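Trainee: There's a structure below that I have some questions on.
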Amino acid sequence: MSHVTGCQKIRVPAAVIMVNWNSPRDTIESIESTLEIAPTDKVIVVVDNNSADLSADTIYNHFFKNGTSILSVDVCDISRADSSEVPKIILIRNDKNAGYAGGNNIAIKYILDHFSTDYIWLLNNDAVVDSSSLTEMLRLADSNPRLGFVGSVIRYYDQPDTIQCFGGGFIYPFLGIAKLYLKNTDISKLLHIRTKTPDYIMGASLLVRTDLIQDIGLMSEDYFMYYEEGDWQLRARSAGWKLAVASSSFVFHKDSGSTAGAPHYFFYYLNRAAVIYSFKNYSRIRAMATSISLLFIALIKGIRNPSAIKPSFLGIIDGLKGATGEKKW
């Protein structure tokens, strides 16, 4: 890998970003699968979102002990995070839980400041990648300079023959919901389906062209969790960028790693994000219709899962108030 010389940016074919929060074992498995795939001279930037379980130390010690080059830096010292040689992994220790967009934005800014690359791959830390996952996305992205986002076929980690989604899904703003495209379809049927491009590419595997970031900016940090990639991509499409799915790129996703064991997080943040998304991107009337729809959906879901009602309602109310950032329970 290239050496750093002064303030000169290092050229890499792609940079990979993962955000960790209290799940070091998942992150280590994801990093290890990503290290092995082509291109080998990529850089992996991991942002630990102020985990309470010593995640950053666990990740750093694991790779340091097995001889993988890794640089650890506190977010307050990120501007001085130069090295005489580019490590394979750069671990940024955030001083707060900045959420999905906030954590990724920290890494994106670091990459743009220190590296020269055409692509940044946002990858969930609970995802394990196929050997050709990145090269297939890069191949498709290189075919059209206006392709700003490229996604993968996401398959379940525990059920690898079943598709979680073909790239992403479709958003129904009046209802305030999004549906994953081809969810629970058997992978063997993919060759026989005439696929279409979804409304958004899921952040579990999202290749972004750096020219697009320079054009429209970073992800909005209003959401904290959910809908931020859809908001980003809607903004990009308004600026003339396109998105696509690489049908031969496969990623195996454990699903909801950040909210595992805390389902109230899921119901709260999903509803809050849906309301914020509607207010930001559509008329006030449509946003109010979204809120009313979500209230009814929460009541219906509450019949089977009463514990979901309170966080669902709180998410809608806080979305109407314009609340952002982490919810303190």
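The values are calculated or read from the model by the stated rules, or taken from the named source; none is laboratory data. Just so you know, these numbers come straight off a predicted model, no measurement behind them. Every residue, glycine among them, receives a Cβ derived from its backbone with ideal geometry; neighbour counts consider all protein chains shown. Just so you know, the surface numbers come from the protein's heavy atoms only, side chains and all, with ligands and any DNA or RNA stripped out. Shrake-Rupley method; radii C 1.70, N 1.55, O 1.52, S 1.80 Å.
Trainee: Can you find, within the range 174-192, the residue that is farthest from SER293 (Cα to Cα) among those that are assigned to a loop (DSSP other than H, G, I, E, B) and open to solvent by 80 Å² or more (accessible area, probe 1.4 Å)?
Mentor: Residue satisfying both the conditions and the ranking: ASN184.
Trainee: A further question on this structure: Which of the residues belonging to the range 109-140 are open to solvent by less than 10 Å² (accessible area, probe 1.4 Å), of a type in the set (Gly, Ala, Ser) and out of contact with any Gly (no Cβ under 9 Å at 6 or more places or on another chain)?
Mentor: Hit for the range 109-140 is SER133, nothing else.
Trainee: Answer yes if at least one residue in the range 301-319 is among the aromatic types (Phe, Trp, Tyr) and touching an Asp or Glu at 6+ places or on another chain (Cβ under 9 Å), and no otherwise.
Mentor: no
Trainee: Further question on the same structure: Could you please find all residues in the range 153-181 being over 17 Å from the mean Cα position of the chain (by Cα), within 20 Å of LEU191 (Cα to Cα) and touching a residue at least 24 places away in the same chain (Cβ under 8 Å)?
Mentor: PRO160, ASP161, THR162, ILE163
Trainee: Look through ASP130, ASP158 and report the one residue that is of a type in the set (Asp, Glu) and under 12 Å from LYS254 (Cα atoms).
Mentor: The unique qualifying residue is ASP158.
Trainee: Check the range 100-108 and report whether any residue there is open to solvent by less than 10 Å² (accessible area, probe 1.4 Å), in contact (Cβ under 8 Å) with a residue 12 or more places away in the chain and of a type in the set (Phe, Trp, Tyr).
Mentor: no
Trainee: Take the residues of the range 267-292 that are open to solvent by 80 Å² or more (accessible area, probe 1.4 Å) and charged (D, E, K, R): which is nearest to ILE177 (Cα to Cα)?
Mentor: LYS280
Trainee: Of everything in the range 8-38 that's buried (at least 16 other Cβ atoms within 10 Å of the Cβ) and of a type in the set (D, E, K, R), which residue is farthest from the chain's Cα centre (by Cα)?
Mentor: The qualifying residue farthest from the chain's Cα centre (by Cα) is GLU29.
Trainee: I'd like the full set of residues that are modelled with pLDDT of 95 or more, in contact with a strand residue (DSSP E or B) (Cβ under 9 Å, 6 or more places away or on another chain) and not in a helix (DSSP H, G or I), limited to the range 26-45.
Mentor: Listed by number, the residues that qualify are ILE37, LYS42, VAL43, ILE44, VAL45.
Trainee: Then there is this: How many residues are assigned to a loop (DSSP other than H, G, I, E, B) and either open to solvent by less than 80 Å² (accessible area, probe 1.4 Å) or among the hydroxyl-bearing types (Ser, Thr, Tyr) (or both) if we restrict to the range 150-173?
Mentor: 4
Condition check ((1) small (Gly, Ala, Ser); (2) touching a residue at least 24 places away in the same chain (Cβ under 8 Å); (3) touching a Leu at 6+ places or on another chain (Cβ under 9 Å); (4) open to solvent by less than 60 Å² (accessible area, probe 1.4 Å)) across all residues:
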{"residue": "GLU221", "(1), (2), (3), (4)": "no, yes, no, no"}
{"residue": "GLY240", "(1), (2), (3), (4)": "yes, yes, no, yes"}
{"residue": "PHE250", "(1), (2), (3), (4)": "no, yes, no, yes"}
{"residue": "TYR265", "(1), (2), (3), (4)": "no, yes, no, yes"}
{"residue": "LEU294", "(1), (2), (3), (4)": "no, yes, yes, yes"}
{"residue": "ARG304", "(1), (2), (3), (4)": "no, no, no, no"}
{"residue": "GLY315", "(1), (2), (3), (4)": "yes, yes, yes, yes"}
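Trainee: What are the residues in the range 193-206 that are over 17 Å from the mean Cα position of the chain (by Cα) and surrounded by 14 or more Cβ atoms within 10 Å (Cβ to Cβ), if any?
Mentor: Within the range 193-206, just THR197 meets the criteria.
Trainee: Could you tell me how many of the residues in the range 41-52 are surrounded by fewer than 20 Cβ atoms within 10 Å (Cβ to Cβ) and closer than 23 Å to ASN105 by Cβ?
Mentor: 2
Trainee: Restricted to the range 61-80, and to residues that are under 22 Å from the mean Cα position of the chain (by Cα) and either open to solvent by 60 Å² or more (accessible area, probe 1.4 Å) or small (Gly, Ala, Ser) (or both), which residue is nearest to ILE106 (Cα to Cα)?
Mentor: Residue satisfying both the conditions and the ranking: ASP74.
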